[in-house]
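For reference, the structure is listed below as structure tokens.
No lab work stands behind these numbers, since they all come straight from the coordinates. Not measured: the values here are computed from a predicted model. Cβ atoms come from the backbone with ideal geometry, glycine included; neighbour counts cover every protein chain shown.
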Amino acid sequence: MKILKSKPVLFGGHYNGYVAIDRSHKFFGKSYDDYVKVDNAGEVKGNGNSLGVFLLDEKKFKNNELTIDLVINVHGGITYSEKGDSQSVIGKAFNESIDGMWVFGFDTAHFGDTIKEWTEEKTAKEIDKLYNELKKFGEVSEMDTIEIEVPEDDEEYDREIMRLFGGETDILTKTSFCKELEKDDDGTRYCTVDVDDCLLEKVLEKIVDPKTDYSFKQIEHDGKEMLLVKIGDREMKIPRYMTEKELIKILEK
């Protein structure tokens, strides 16, 4: 799972903070006012957003579902959720490309916030908090699905799907997609994206001798997400994101 932090971004005299997540995250493609399942909705403090709590769907609340802006514990709740764009003002606040990622953010312009209180340094600490909150929710399970809003134009739809899911794959979850579109009440088209079992494990089961032990775990190497794979006495560090063909080629060497 890849998560990136921005530097504080100054808008209208107030600092904002942003964190980008990749497509393996539960909240990828979701708006901050989308509902998600929690263990106990009644225990969530809601970031002091009493209006947001008041406007909750009662049935969803009883089913332990809350909006993301209430679930993520960050100053004022999440107030921004958009597709990553490295060329935007927000995108340029990240140290690497956020194209193909999904960005959540918060602001410090709520009632009672002051420029004197919310300095660049304090906002940076709150960005760390948002990063840890999103990291806590982790990856999607094989039972989860992600809904991606797609354009009406078929050619643009194809380009968008390839941008999101083509090329490199997260070999710990392997995303797949279908072209069976659903329409929301307002006519918006959606594509349901299913998350399969671990691709790496499937490939290892296929190419490794059944008598040979193997294992793998996620590590950080030179600031990058890598996987440490052990096959018998052999040990290797491989990138987490690659195509299936590249994965097989590396493992069969």
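So here's what we get for this one:
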item: Under 11 Å, Cβ to Cβ, from residue 118 - net charge with Lys/Arg +1 and Asp/Glu -1; result: -3
item: Potential lengthening between residue 252 and residue 129 on full extension [0.36 nm per residue; Cα-Cα distance subtracted]; result: 40.2 nm
item: Estimated FRET transfer efficiency when R0 is 45 angstrom, pair residue 110-residue 236 (beta carbons, to 0.05); result: 0.40
item: Residue-by-residue Karplus 3J(HN,Hα) for region 100-105, coefficients 6.51, -1.76, 1.60, Hz, glycine and proline x; result: x, 10, 10, 10, 10, x
item: For residue 93, net neighbour charge (Lys/Arg +1, Asp/Glu -1) across residues whose Cβ lies under 13 Å away; result: 0
item: Shape of region 199-251, Cα gyration tensor, a/c cut at 1.5; result: oblate
item: Two-site label geometry, residue 73 and residue 243: point separation in nm, points 7 Å out along Cα→Cβ; result: 4.4 nm
